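Only one structure is covered here, and it is reproduced in the block below.
The values are calculated or read from the model by the stated rules, or taken from the named source; none is laboratory data. What you see is a predicted model, and the numbers here were worked out from it, not measured in a lab. Ideal geometry is used to build each Cβ from the backbone, glycine not excepted, and the neighbour counts take in all protein chains shown.
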Amino acid sequence: MTFTATLLQPQQIHACAVPLQVKSTYTSAPHAYSCTEHAERQLGNSELAYFLPSRENGVNDICLYIDFHAPEHLITRARLRVVWAILRARHPLLASKVVMRDYADVSFVYTRRNPMDELAEADASLVFHSTTGPDFLDSHLNGPRILSDDRLSQLAILIPPGGSAEQNYTVAFNATHFIGDGLSMHQLANEFFSLLGGPMTNVELEEKLAEEWRISRESTPAVLPAALEMGYPPESKLGQAAGDVAFQLYQAKQIVWWFSYQGDDLQLTCFAREDMHSLDELELPDVLLHVSHPTTKVERKPYSEPAKPVLSRCSLMYSALNIRPFLPAAPDPQVLAVGYFNVILPSFLPQSLADISTFWTRAKSAKVQITKAARSPLTVSQNRRIGRDRAKNARVWAKEDDEKARGTFKAPTPQTQAQPVSPKTPSAALLGLSCIGDLGGLYRHASYPSITLINQCGGTRQRSGGMLLFTRTFAGRFRMSFQYDENGFEGNLVEDFWKKCVDGVEEFL
């Protein structure tokens, strides 16, 4: 699958026609803008676990695009540049860089610039393309990496050919996963539309950028938002011991083996999307639950067999969990704040059971587990340890990858381990779930009355052999999309799986 996008030049489109300039309304003292400030902090465990695998080819880089109607006069480079500059100044991780000194010593580095320089930096990470949202997403998933350690975010405006007083546009937000997650990206999008479609003129927006810079500089030094782990409450020695025991018991219940991918080296991500129903046709909580646990899944053969995955009954999936409700409110929402939990479905059901009975039995079981994970008092304790383990494993695997690339890797000597009394039953959790829920509460449409949001979709650059199922409600409709590695599975296995997901929703709901 190939993709070609054309970057529009200033002379080719009205939005690019305004040259880069800063209004003189900022200040009457030119030297007031001469100072820059720097801030640096190390990546937290969760951030590090996402950063290290992304170094080679941008694994997990996020793309969120939104189609919208807007008057033509709003979509100019001058206005978009200052809106993007304000967002980058408010959320410093968007404008930061990453410096890696060692596998355990990786830092964000941020420079708080004066408004003039902030506009120039924002302009450098603002691009225009003549393409569609789906094609741009395909380029993000399968093309060369857009982002880098020196550019952790990008704003792209997709403009169709032709023109009218009221046009369809698409905005695409690109960001590395270690500076944010799905929820923070949608909050960023709402903030973007509030500035773009708000009552302020371009000059007033530039004045706002300068005023916010002045206030922040006078009140606090340049600072980066704290890592997720900094929001966790401190643990006493007794609490640490109890948490470790509880986590070990939790891990023992997860019947999961992880296997390295043994398929083709070439990874090609495909994306399928369905707009299922309007909200007045079904109850949203039930739909989210049902789509969260399709009745089939992909499992891998044992590690020693270099074969591609085969389809079998589903027993275990992993899902992201928003950790923000468990922590004190953060001043800056643009930060990574996700944890994880597993959903284990009943597999040993009578074969005589009707499909609809099997479906609802598993639905009830999944609902209980999801509710428990969302309300468990152990959520913070478990995800503190999950993040620690993920970071530890990421450091080991990153070192191995670098040594293999240099040709210096030596496999460790296998260690003999005592056989556990009750061996685990193998099961592969290869399907990831991202059920973000109803996005209606995140978008304040009254703040941008001249803009109408139409559609939303997104995805992340994947590992080889990956599968992700997304569900959300946007603009009054429930939507689900499925992302997978086309070269990671044999025949039409994944296509059949997706068809069963869609058919199941249509049949049982």
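Sort out which residues of region 94-113 are surrounded by 21 or more Cβ atoms within 10 Å (Cβ to Cβ), of a type outside the set (Gly, Ala, Ser) and in a loop (DSSP other than H, G, I, E, B), and write them in order of number.
Arg113
Looking at Leu147, Leu195 in this structure, which one is touching an Asp or Glu at 6+ places or on another chain (Cβ under 9 Å) and either of a type in the set (D, E, K, R) or touching a residue at least 40 places away in the same chain (Cβ under 8 Å) (or both)?
Matching residue, one of Leu147, Leu195: Leu147.
For region 171-182, state whether one or more residues are touching a residue at least 60 places away in the same chain (Cβ under 8 Å), over 23 Å from Leu228 (Cα atoms) and of a type in the set (Phe, Trp, Tyr).
Looking through region 171-182, none of the residues is touching a residue at least 60 places away in the same chain (Cβ under 8 Å), over 23 Å from Leu228 (Cα atoms) and of a type in the set (Phe, Trp, Tyr).
How many residues does region 454-505 contain that are closer than 23 Å to Asp67 by Cα and in contact with an Asp or Glu (Cβ under 6 Å, 6 or more places away or on another chain)?
7
Take the residues in region 460-504 that are surrounded by fewer than 22 Cβ atoms within 10 Å (Cβ to Cβ), small (Gly, Ala, Ser) and touching a Leu at 6+ places or on another chain (Cβ under 9 Å); name whichever of them is farthest from Tyr443 (Cα to Cα).
Across region 460-504, the extreme among qualifying residues is Ser464.
Which of the residues that make up region 467-478 are within 17 Å of the chain's Cα centre (by Cα) and either at pLDDT below 85 or among the hydroxyl-bearing types (Ser, Thr, Tyr) (or both)?
If the condition is that a residue be within 17 Å of the chain's Cα centre (by Cα) and either at pLDDT below 85 or among the hydroxyl-bearing types (Ser, Thr, Tyr) (or both), then Met467, Thr471, Thr473 are the ones that fit.
Could we say that Arg145 is more than 23 Å from Asn190 (Cβ to Cβ), within 17 Å of the chain's Cα centre (by Cα) and at pLDDT 95 or above here? Explain how you work it out, then say what you get.
Working: more than 23 Å from Asn190 (Cβ to Cβ): yes; within 17 Å of the chain's Cα centre (by Cα): yes; at pLDDT 95 or above: yes.
The answer is yes for Arg145.
Kindly indicate whether any position in region 123-140 is of a type in the set (Phe, Trp, Tyr), under 19 Å from the mean Cα position of the chain (by Cα) and crowded, with 22+ Cβ neighbours inside 10 Å. First the steps, then the outcome.
Of region 123-140, the ones of a type in the set (Phe, Trp, Tyr) are 128, 136.
Those still in the list that are under 19 Å from the mean Cα position of the chain (by Cα) too: 136.
Filter once more, keeping what is crowded, with 22+ Cβ neighbours inside 10 Å: 136.
So far as region 123-140 goes, yes, one or more of its residues are of a type in the set (Phe, Trp, Tyr), under 19 Å from the mean Cα position of the chain (by Cα) and crowded, with 22+ Cβ neighbours inside 10 Å.
Restricting to region 59-84, and then to whatever is at pLDDT below 95 and under 18 Å from the mean Cα position of the chain (by Cα), can you tell me which residue is farthest from Phe178 (Cα to Cα)?
Val59
Looking at the structure I just gave you, is Ala49 in contact with a Gly (Cβ under 9 Å, 6 or more places away or on another chain) and modelled with pLDDT of 95 or more?
Taking the combined requirement at face value, the residue satisfies it.
Could we say that Val203 is in a strand (DSSP E or B) and aliphatic (A, V, I, L, M) here?
So Val203 does not fit the description; no.
Give just the number: which of (1) touching a Gly at 6+ places or on another chain (Cβ under 7 Å); (2) at pLDDT below 85 does Cys457 not satisfy?
(2)
Cβ-Cβ below 7 Å, separation at least six or inter-chain, first residue in region 391-407 and free of Cβ contacts under 8 Å to residues at least 24 places away in the same chain, second exposed (fewer than 15 other Cβ atoms within 10 Å of the Cβ): which pairs?
Glu400/Phe409; Glu403/Phe409
Check off (1) surrounded by 17 or more Cβ atoms within 10 Å (Cβ to Cβ); (2) polar (S, T, N, Q); (3) over 14 Å from Asp438 (Cα atoms) for Gln456 and give me the number that stays unchecked.
Tallying (1) surrounded by 17 or more Cβ atoms within 10 Å (Cβ to Cβ); (2) polar (S, T, N, Q); (3) over 14 Å from Asp438 (Cα atoms), Gln456 fails exactly one: (3).
Based on this model, can you work out whether Leu155 counts as touching a residue at least 24 places away in the same chain (Cβ under 8 Å), part of a helix (DSSP H, G or I) and either in contact with a Lys or Arg (Cβ under 6 Å, 6 or more places away or on another chain) or within 19 Å of Tyr65 (Cα to Cα) (or both)?
Answer is no for this residue.
For Leu209, only one of the following conditions fails: (1) under 16 Å from Thr111 (Cα atoms); (2) within 23 Å of the chain's Cα centre (by Cα). What is its number?
Only one criterion in (1) under 16 Å from Thr111 (Cα atoms); (2) within 23 Å of the chain's Cα centre (by Cα) is unmet by Leu209, namely (2).
Among the numbered conditions (1) modelled with pLDDT under 90; (2) in contact with a Ser or Thr (Cβ under 7 Å, 6 or more places away or on another chain), tell me where Gly387 comes up short.
Condition (1) is where Gly387 drops out.
Quick one: which residue in Ser365, Ser352, Ser315 is among the polar types (S, T, N, Q), surrounded by fewer than 18 Cβ atoms within 10 Å (Cβ to Cβ), modelled with pLDDT under 85 and farther than 30 Å from Gly231 by Cβ?
Ser352
Out of the residues in region 344-376 that are touching a strand residue (DSSP E or B) at 6+ places or on another chain (Cβ under 6 Å) and touching a residue at least 40 places away in the same chain (Cβ under 8 Å), which is farthest from Asn322 (Cα to Cα)? Talk me through it step by step, then tell me what you get.
So the first thing to find is which residues in region 344-376 are touching a strand residue (DSSP E or B) at 6+ places or on another chain (Cβ under 6 Å), and the list is 344, 347, 366, 369, 373.
Restricting the remaining residues to those that are touching a residue at least 40 places away in the same chain (Cβ under 8 Å) gives 344, 366, 373.
Values: Ile344: 19, Ala366: 17, Ala373: 11 Å.
Once the filter is applied, the top-ranked residue is Ile344.
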